[in-house]
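Reviewing the structure listed below.
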Amino acid sequence: MHPDENLPSGSVIDGRAAKEPIREAFDYVVIGSGAAGAVAAHTLASAGHSVALVEEGPWVKTKEFSPDVHTGFARMMREGATQAMEGRSFIPLLQARCVGGTTVVNSAIAWRLPEDVLDDWKKDFGVPMAMDDLAPHYAELEEKLGVRPTQDDVLGENNRQFIERAGKNGFPAHPMKRYERGCKGSSRCLQGCPNGAKQSMSLSYVPWALELGARIFTSCKVEKVIVQNGRAKSVRGKTESGHAFEIVAGRGIFVAASTIQTPNILRRSGVRSSELGEHFMAHPGVALAGVFDSPIKMDVGATQGAESIHFRKSHRFKLETLAMPPDLAVARFPGAGRALMKRLATYPNVGVWAVQIRARAQGRITTAWGGRDKVKYSVTEEDVRTTRVALGVLSKMMVEHGAKEVWPGVYGLPTATSDPGIIQKLEDGPLDPRAYNYVATHLFGAARMGPDPRSSVVGLDFQVHGAEGLYVVDSSVFPSNIGVNPQHTIMAMARLAATRVAAKPLAKVA
């Protein structure tokens, strides 16, 4: 039995089934049950406080996960995975909306924050966070969640070939470190691990918090935080069944709703910082597909199990693998009619490798008509130039070491080619961002941390400037994007914040 199936009686309040308004009181209320919220809730509950977790989406249990991508995305992804950032080009934006958040559908990649990023935060933004502050929290997370490199028996050919071909091209690559216990290499991270091996928050910190007495309100959308006399008092919203709820917080409220949703919750709560919603950042990603002589079998092995940060500092990109199931990979197959059908038959020999760009671009989070979250963001010409270099590296790895055909996926270039000249064509590709199939998953900023209320939204204690007891602990507080996968640092920072708050709790409000 998986941890999401045997929960303490009364610990889960399902907003879909609510038949009347809800009003309850706790020491702390945590908005969001993803990487930040789940860890913060568990930390607060471990200190003996009563805690309410409020999650907009449903709890989709392990036994309900489907191998069908469309079913999984419709059930667990915000707007059925149809969100997009609006700008010079429209870039798909992937966010989960369920208990556990995006940890349910990501690849569970664990990266500590690079020291040079911490140096930049201190120098450029006045955030004096040090590795000594985060290290004990990283260590605790790694021990509890089974962080280890992708094991040989589940590496799979997509990952193995990537590591081998990177080495032949003169730079190191290695197996990814991931949160998993007993991975079976089903290559279904994107749809939710069917074996309960991936240590998503819905299988770990959320159930662990409930075991300590916390309660979770699912399918309950927070509209705003009530702030009275400069102090956060309660959280208000509606259940999916249409009833109002208010959860009073005696000691504090933690907002962990994500870089997109957190700024608008704060805005609706009366936070008037000119910096709110500004400085939104991301890691836009693009992928390159190739057909190889021997079977790759992307459906066998870790979804993402290999990577290289060789170019992170020098060129601002990270390379990694990405196994796509057939119903998702088909969008990357070139051709139509018979040509498409012929290429579909090559799926067992197709590999997909990707790049994430530490983009210089900054965008804005606002609210569209009807209350929908709106993201304005355009990659810069410099970011596109970085993309061209990265795709050149990936194409060289494929072309010079055995790919029969490469599928660039770039407008204006051949849709499929075996010409070695494709390397140069990618390196000299178009500078129009609309030519590239960007996707954004790693999101940062929009409620920046800093010492000065004039240039930041959240103080160095994670508390919103001018709103006592209102904390933000997700990646919206990051002063910059970081160039590596952020989940590990999101959790470590949330644990750091909650530990400090729990140790010196605010006086109760009558």
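What follows draws every value from the coordinates through simple rules; no lab data is involved. On a predicted model such as this, the values are computed, not experimentally measured, just so you know. Cβ: placed from backbone, ideal geometry, glycine included. Neighbour counts: every protein chain shown.
Give the Cα extents of the stretch 340-498 along the principal axes, in whole Å, largest first.
So the three principal-axis extents are 61, 31, 30 Å.
Using a 7 Å offset from the Cα along the Cα-to-Cβ direction at both R16 and N195, what is the distance between the two label points in nm, to one decimal?
2.8 nm
For q = 0.11, 0.24, 0.25 Å⁻¹, what log10 I(q)/I(0) does the stretch 425-510 give under the Debye formula with an equal point scatterer on each alpha carbon and no solvent?
Scattering profile of the stretch 425-510, log10 relative to I(0): -0.44, -1.18, -1.23.
Where in the stretch 301-338 does the amide nitrogen come within less than 20 Å of the point 7 Å from the Cα of S418, taken along Cα to Cβ?
Once the point is set 7 Å along Cα→Cβ of S418, 333-336, 338 turn out to lie under 20 Å by backbone N, inside the stretch 301-338.
Considering the zone a paramagnetic label at H174 would reach in this model (a point 7 Å from Cα along the Cα-to-Cβ line), which residues of the stretch 281-309 have amide N under 16 Å from it?
Zone members listed by number: 305-309.
Can you give the extra length, in nm with one decimal, that the chain gains between R268 and M131 once fully stretched, where that is 0.36 nm per residue apart less the Cα-Cα distance?
Extra length available between R268 and M131 comes to 45.9 nm.
Counting Lys and Arg as +1 and Asp and Glu as -1, what is the net charge of the other residues whose Cβ lies under 11 Å from the Cβ of I226?
Neighbour charge sum, excluding I226 itself: +3.
With +1 assigned to the C-beta of every Lys and Arg and -1 to the C-beta of every Asp and Glu, and no other charges, what is the dipole magnitude of the chain about the Cα centre in debye, to the nearest 20? Display every interim value, and only then the final one.
Working: 61 positive and 52 negative charges, 154 e Å.
In debye, rounded to 20, the chain gives about 740.
Mind ranking 3-10, 456-463 by how tightly packed they are, going by the mean number of other C-beta atoms within 10 angstrom, highest first? Intermediate results must be reported in sequence, preceding the final value.
On the way: 3-10: 12.6, 456-463: 20.9.
So the order, starting with the most tightly packed, is 456-463, 3-10.
Output the pairs from K177/K198; K144/K177; K123/K177; K122/K318 with a Cα-Cα distance over 20 Å in this structure; if there are none, say none.
Working: K177/K198 12 Å; K144/K177 14 Å; K123/K177 29 Å; K122/K318 23 Å.
The answer is K123/K177; K122/K318.
Determine Rg/Rh for the stretch 287-427; Rg is computed over alpha-carbon atoms and Rh is the Kirkwood hydrodynamic estimate from the same atoms.
We get a ratio of 1.02 for the stretch 287-427.
Using per-residue counts of other Cβ atoms within 10 Å, averaged over each peptide, order 252-263, 365-376, 161-172 from highest down. Provide the component values of the computation, followed by the final result.
Numbers: 252-263: 27.7, 365-376: 14.7, 161-172: 17.0.
Per-residue mean Cβ counts within 10 Å order the peptides as 252-263, 161-172, 365-376.
Using a simple charge model, +1 on the beta-carbon of Lys and Arg, -1 on the beta-carbon of Asp and Glu, nothing else, what dipole does the stretch 69-186 show about its Cα centre, in debye to the nearest 20?
Details: 16 positive and 17 negative charges, 113 e Å.
Taking the Cα centre of the stretch 69-186 as origin, the dipole is about 540 debye.
Given Cα pairs under 8 Å that are at least 6 residues apart, what percent is the relative contact order of the stretch 387-510?
The value is 16 percent.
Calculate the spin-label point distance for R23 paired with E79, positioning each point 7 Å from the Cα along the beta-carbon direction, and give it in nanometres.
3.5 nm
Express the relative contact order of the stretch 229-380 as a whole percentage, based on alpha carbon pairs under 8 Å and six or more residues apart in sequence. Numbers along the way, then the final one.
On the way: 216 pairs, mean separation 39.7, N = 152.
Relative contact order here is 26 percent.
Using Cα positions and a limit of under 27 Å, work out the lysines in reach of K233, with same-chain residues fewer than 8 apart set aside.
K19, K221, K224, K504, K508
Where does the Debye-calculated log10 I(q)/I(0) of the stretch 119-190 sit at q = 0.16, 0.18, 0.21 Å⁻¹, using only Cα point scatterers of equal weight, no solvent?
Log10 of I(q)/I(0), two decimals: -0.80, -0.87, -0.92.
Taking the dipole about the Cα centre of the chain, with the C-beta of Lys and Arg at +1 and of Asp and Glu at -1, give me whichever of T417, P21, S9 is farthest to the positive side.
In the chain, that residue is P21.
I'd like the Kirkwood hydrodynamic radius of the stretch 128-167, using the inverse of the mean 1/r over distinct C-alpha pairs, in Å. Walk me through the numbers on the way to the answer.
Numbers: mean 1/r = 0.0785 Å⁻¹.
In the stretch 128-167 this quantity evaluates to 12.7 Å.
Could you sort the peptides 313-320, 302-309, 267-274, 355-362 by per-residue average Cβ neighbour count (10 Å cutoff), highest mean leading?
302-309, 355-362, 313-320, 267-274
How long is the gain from L344 to K184 if the chain were fully straight, where each residue apart is worth 0.36 nm and the alpha carbon distance is subtracted?
Here the segment from L344 to K184 would lengthen by 55.0 nm.
Using Cα pairs under 8 angstrom and six or more residues apart, how large is the relative contact order of the stretch 416-483, in percent?
27 percent
Let me know the Rg and Dmax you get for the chain when you use only its Cα atoms, in Å.
Radius of gyration, then largest Cα-Cα span, for the chain: 22.4, 73 Å.
Rounded, prolate or oblate: which fits the stretch 304-351 when a ≥ b ≥ c are the square roots of the eigenvalues of the alpha-carbon gyration tensor, with rounded for a/c under 1.5 and prolate only if a/b beats b/c?
It is prolate, given that a/c is not under 1.5 and a/b is the larger ratio.
Average the reciprocal distances over every distinct pair of alpha-carbons in the stretch 43-158, invert the result, and give the Kirkwood radius in Å.
Computed over the stretch 43-158, the radius equals 18.1 Å.
Stick to Cα atoms and the Kirkwood definition of Rh, then tell me Rg/Rh for the stretch 150-284.
1.12
At 7 Å along Cα-to-Cβ for each site, give me the label-to-label distance between E164 and F90 in nm.
4.1 nm
Could you give the length gained on full extension between E223 and V330, defined as 0.36 nm per residue of separation minus the Cα-Cα distance, in nm?
34.7 nm
Going Cα to Cα from K297, which lysines come in below 19 Å? Please leave out same-chain ones fewer than 8 positions away.
Within reach: K184, K342, K404.
Tell me the mean residue ellipticity at 222 nm calculated for the chain from its helices only (DSSP H runs of n ≥ 4, each -39500 (n - 2.57), averaged over every residue, nearest 500).
On the way: 13 runs with 132 residues, N = 510.
Helix contribution divided over all residues of the chain: -7500 deg cm²/dmol.
So how strong a dipole does the stretch 439-510 carry about its Cα centre when Lys and Arg Cβ are +1 and Asp and Glu Cβ are -1, to the nearest 20 debye?
Details: 6 positive and 4 negative charges, 30 e Å.
Roughly 140 debye for the stretch 439-510.
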